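Chemist: Quick one: the structure is below, and I'll ask about it shortly.
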Amino acid sequence: GAVVSQHPSWVICKSGTSVKIECRSLDFQATTMFWYRQFPKQSLMLMATSNEGSKATYEQGVEKDKFLINHASLTLSTLTVTSAHPEDSSFYICSAFTREGWEQFFGPGTRLTVL
Amino acid sequence: GNSVTQMEGPVTLSEEAFLTINCTYTATGYPSLFWYVQYPGEGLQLLLKATKADDKGSNKGFEATYRKETTSFHLEKGSVQVSDSAVYFCALRPDSNYQLIWGAGTKLIIKP
């Protein structure tokens, strides 16, 4: 089946630093990738939709200058949390969408802890 | 608008008990419906799906039937195991979009 990887799986950083999270579709091409944020004991919150070769579309309330998304190829999208603060600590999940079967395949998630 | 409502958890059952997790939705048109499962420390996995009314999705002993008349997609399993302990998410995809609309998730705890 389709596999999506995320790297790193967990990261701890100091407040004020930037963190980059990679999302890769390993065995298929994804024209669209989604980035979600999941708070403890809560559902997924869609942050942005990323289309290869174009600017990401951010959901209302998500700061695009803080959460930089780049979808440079059909198999890679990156989320950079800039100037991270403790309130950015969360579980970030990406998914890759394939028009074959119109399904989203999810990465394992990245646990970000900002000290 | 589109929305998904799931029963609140946690749901605690003994092994071999019958499981039902309720899911109802609001949507225009003919959405596709999904159940995803998130095991502890892991990412989301598609458990089953149904793309049209009266379809039944099934996988790993779990079943859910797309009921348009009651706008429901309840998840059922006849005999749960400890390994089924996880968080279960109901979701819909509107027929005009590829984004998913998520329920809040239901944590399932199975005790031996």
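Chemist: Of all strands (runs of 3 or more DSSP E) completely enclosed by the stretch B:1-94, which ones contain at least 2 residues that are more than 23 Å from B:Pro112 (Cβ to Cβ)?
Modeler: Details: elements: B:3-6, B:11-14, B:19-21, B:23-26, B:32-38, B:44-50, B:56-59, B:62-65, B:75-77, B:86-93.
Per the criteria, B:3-6, B:23-26, B:32-38, B:44-50, B:56-59, B:62-65, B:86-93.
Chemist: Further, regarding this structure: Going through the stretch A:89-115 one residue at a time, which ones are within 15 Å of A:Asn51 (Cα to Cα) and either within 10 Å of the chain's Cα centre (by Cα) or more than 11 Å from chain B (Cβ to nearest Cβ) (or both)?
Modeler: Of everything in the stretch A:89-115, those that are within 15 Å of A:Asn51 (Cα to Cα) and either within 10 Å of the chain's Cα centre (by Cα) or more than 11 Å from chain B (Cβ to nearest Cβ) (or both) turn out to be A:Cys94, A:Ser95, A:Ala96.
Chemist: Kindly provide the set of residues from the stretch A:12-22 that are out of contact with any helix residue (DSSP H, G or I) (no Cβ under 9 Å at 6 or more places or on another chain), over 18 Å from A:Met33 (Cα atoms) and open to solvent by 30 Å² or more (accessible area, probe 1.4 Å), ordered by number.
Modeler: If the condition is that a residue be out of contact with any helix residue (DSSP H, G or I) (no Cβ under 9 Å at 6 or more places or on another chain), over 18 Å from A:Met33 (Cα atoms) and open to solvent by 30 Å² or more (accessible area, probe 1.4 Å), then A:Ile12, A:Lys14, A:Gly16, A:Thr17, A:Ser18 are the ones that fit.
Chemist: Looking at A:Lys64, is it assigned to a strand (DSSP E or B), farther than 25 Å from A:Arg99 by Cβ, open to solvent by 60 Å² or more (accessible area, probe 1.4 Å) and among the charged types (D, E, K, R)?
Modeler: For A:Lys64, the condition - assigned to a strand (DSSP E or B), farther than 25 Å from A:Arg99 by Cβ, open to solvent by 60 Å² or more (accessible area, probe 1.4 Å) and among the charged types (D, E, K, R) - is not met.
Chemist: Would a scan of the stretch B:31-50 turn up a residue that is more than 21 Å from A:Phe105 (Cα to Cα) and away from every other protein chain (no Cβ under 12 Å)? Before the answer, list the steps.
Modeler: First, the residues of the stretch B:31-50 that are more than 21 Å from A:Phe105 (Cα to Cα): none.
The answer is no, given that none of the residues of the stretch B:31-50 is more than 21 Å from A:Phe105 (Cα to Cα) and away from every other protein chain (no Cβ under 12 Å).
Chemist: Can you tell me which residue within the stretch A:81-105, out of those that are more than 16 Å from A:Gln42 (Cβ to Cβ) and of a type in the set (Phe, Trp, Tyr), is modelled with the lowest pLDDT?
Modeler: Going through the qualifying residues, I end up with A:Trp102.
Chemist: Scan the stretch A:8-32 residue by residue and report those that are over 14 Å from the mean Cα position of the chain (by Cα) and among the aromatic types (Phe, Trp, Tyr).
Modeler: Residue satisfying the conditions is A:Phe28 alone.
Chemist: Return the pairs, sorted by first residue and then second, in which the second residue is open to solvent by less than 70 Å² (accessible area, probe 1.4 Å) and assigned to a loop (DSSP other than H, G, I, E, B), the first residue lies in the stretch B:1-18 and is on the phi > 0 side of the Ramachandran plot, the beta carbons are less than 6 Å apart, and the residues are 6+ apart or on different chains.
Modeler: Final answer for the pair search is B:Glu16/B:Ser79.
The values are calculated or read from the model by the stated rules, or taken from the named source; none is laboratory data. None of these values were measured; they are calculated from a predicted model. A quick note on method: Cβ atoms are made from the backbone with ideal geometry, for glycine too, and the neighbour counts reach across all protein chains shown. When the accessible area is computed, the model is the full protein with side chains, heavy atoms only, and any ligands, DNA or RNA have been set aside. Shrake-Rupley method; radii C 1.70, N 1.55, O 1.52, S 1.80 Å.
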